[in-house]
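A.B. asks: One structure coming up, written as structure tokens, with questions to follow.
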Amino acid sequence: MFLFLSTAFCLTLFALNSILCRAALVMWGMEPFQYTAIRALSAAAMLALLCALHAVRGETGRGSVWKQAWDQSSWTGSLFLFLYMLSFSLAYMNIPSAAGTLVLNTAVQFGMMGWSLYQGMRPTGRQTAGLGTAFAGLLALLSPGLTAPSPGAALLMVVAGLSWGGYSIVGRRASSASLATAGNFFRCIPAALLAACAALMLESAPSPAACACALAAGALASALGYILWYVIVPRYSLVSASVIQLSVPLITALLAVLLLSEPVTPRLALCSVPILGGICLALLSGRQAAKKSAGGR
């Protein structure tokens, strides 16, 4: 029960990233550079606090936790992370919460699958069918119509998803995901300060409510959510953890209805079935293929 509740809380924090962003940008009129800067800096501050309190711990005999966090991270990873946050903020200016999360998750999976293909992996028939189904659902969601998301916003969300996929791929080299997360957010500070400078010159002052949303998104939904996830995820298999995360768009849709009064359109409801179902099929098929390969060796 504790694992279930912890997982549900963590996935809700992930969903709140979309809700808080939409609330700050659409309801409270915040600008995307301001939001990105505050989110990144508040996440770095929270992670620094967690490191200071030893909630994020390093390995004994390998120097201070700060040095280990820096060593586990990379400038490439931090670049992908900041590009994800900036594209995410820009996209949510013109795309509803649930639709944005669906596009984001699909782009992440296709980006990581594309990298696997580049590395020489060959997908099984079921994986191909699953990804094809998800892609068809995404095309149906984005096809022209009264309830279709903005093409420009959808493209920005695809960039955000591909950036997160790149960040995840680069992060595989780290031995500690928590330390790598802290280090990458620390490395994002210069870019966040540049975004803050751009906001001061180009954007109007945000409201206190919008700032509160951005602070919560950085310190709680991002920093605390990511660290909690890395505590929970070892209790699941890699594929199970990936499948569990497919619930985030559904949680986002529910919260968007309750907190932002965003409607769940028939197009969104119908298209979410092949998108999430296709990704789930691809993930489960990949797990079965890996088991057969391991058995053959």
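The values are calculated or read from the model by the stated rules, or taken from the named source; none is laboratory data. None of these values were measured; they are calculated from a predicted model. Because the Cβ atoms are built from the backbone with ideal geometry, glycine has one as well, and the counts that use them run over all protein chains shown. These area figures cover heavy atoms from the full protein model, side chains too; ligands, DNA and RNA do not enter into them. Shrake-Rupley method; radii C 1.70, N 1.55, O 1.52, S 1.80 Å.
A.B. asks: Provide the solvent-accessible area of PHE135, counting protein heavy atoms only and rolling a 1.4 Å probe, rounded to the nearest 10 Å².
C.D. replies: 100
A.B. asks: Work out, in µm²/s and without decimals, the Stokes-Einstein translational diffusion coefficient of the range 72-118 at 4 °C, 1.567 mPa s, Rh from Kirkwood over C-alpha pairs.
C.D. replies: Answer, rounded: 108 µm²/s.
A.B. asks: Still on this structure, please answer the following. For SER240 and ALA212, calculate 0.36 nm times their separation in residues minus their Cα-Cα distance, and state this gained length in nm to one decimal. Let's see the in-between values first.
C.D. replies: Numbers: separation 28, 0.36 × 28 = 10.08 nm, distance 3.36 nm.
Full extension from SER240 to ALA212 adds 6.7 nm.
A.B. asks: What's the percent breakdown of Cα-Cα distances in the range 61-160 across 10 Å bins, shortest bin first?
C.D. replies: The calculated distribution, bin by bin, is 14, 34, 28, 17, 6, 1.
A.B. asks: Further question on the same structure: Using the 2.2 N^0.38 Å rule of thumb for compact globular proteins, work out how the range 1-105 stacks up: its C-alpha Rg over that value, please. The partial results should precede the final answer.
C.D. replies: On the way: Rg = 16.4 Å, N = 105, 2.2 N^0.38 = 12.9 Å.
Dividing the Cα Rg of the range 1-105 by 2.2 N^0.38 Å gives 1.27.
A.B. asks: Given the rule -39500 (n - 2.57) for each run of at least 4 DSSP H residues, summed and divided by the residues of the chain, what is its mean residue ellipticity at 222 nm, to the nearest 500 deg cm²/dmol?
C.D. replies: Working: 14 runs with 221 residues, N = 297.
Result for the chain, helices only: -24500 deg cm²/dmol.
A.B. asks: Can you list the trypsin sites (Lys or Arg not before Pro) in the range 139-206 that are in a DSSP coil and have 15 or fewer other beta carbons within 10 angstrom? Please list the in-between numbers first.
C.D. replies: Details: sites: ARG172, ARG173, ARG187; in loops: ARG172, ARG173.
The qualifying sites are ARG172, ARG173.
A.B. asks: Under the definition of Cα pairs under 8 Å and six or more residues apart, what whole-number percent is the relative contact order of the chain?
C.D. replies: Working: 426 pairs, mean separation 118.2, N = 297.
Over the chain, the number comes to 40 percent.
A.B. asks: What are the extents of the Cα atoms of the range 126-284 along their three principal axes, in Å, largest first?
C.D. replies: For the range 126-284, the Cα spread along each principal axis is 45, 43, 26 Å.
A.B. asks: Order 81-92, 21-32 from most to least packed using the mean count of other Cβ atoms within 10 Å. Write out the running numbers ahead of the final one.
C.D. replies: Values: 81-92: 24.8, 21-32: 21.8.
Going from most to least packed, we get 81-92, 21-32.
A.B. asks: Using a Förster distance of 41 angstrom, determine the FRET efficiency expected from the C-beta separation of ILE189 and ALA140, and round it to 0.05. Don't jump to the answer; show the numbers that get you there.
C.D. replies: Numbers: r = 41 Å, r/R0 = 0.99.
According to the calculation, E is roughly 0.50.
A.B. asks: Taking every pair of distinct Cα atoms and averaging 1/r, then inverting, what Kirkwood hydrodynamic radius in Å comes out for the range 178-245? Could the numbers behind the result be given before it?
C.D. replies: Working: mean 1/r = 0.0697 Å⁻¹.
Hydrodynamic radius (Kirkwood, Cα only) of the range 178-245 equals 14.3 Å.
A.B. asks: On to the next question. List every DSSP H helix in the chain whose Cα atoms extend 18 Å or more along the helix's own long axis and whose mean Kyte-Doolittle hydropathy is at least 0.5.
C.D. replies: Membrane-span-like by this rule: 2-22, 32-52, 75-91, 97-118, 125-142, 151-171, 189-202, 266-296.
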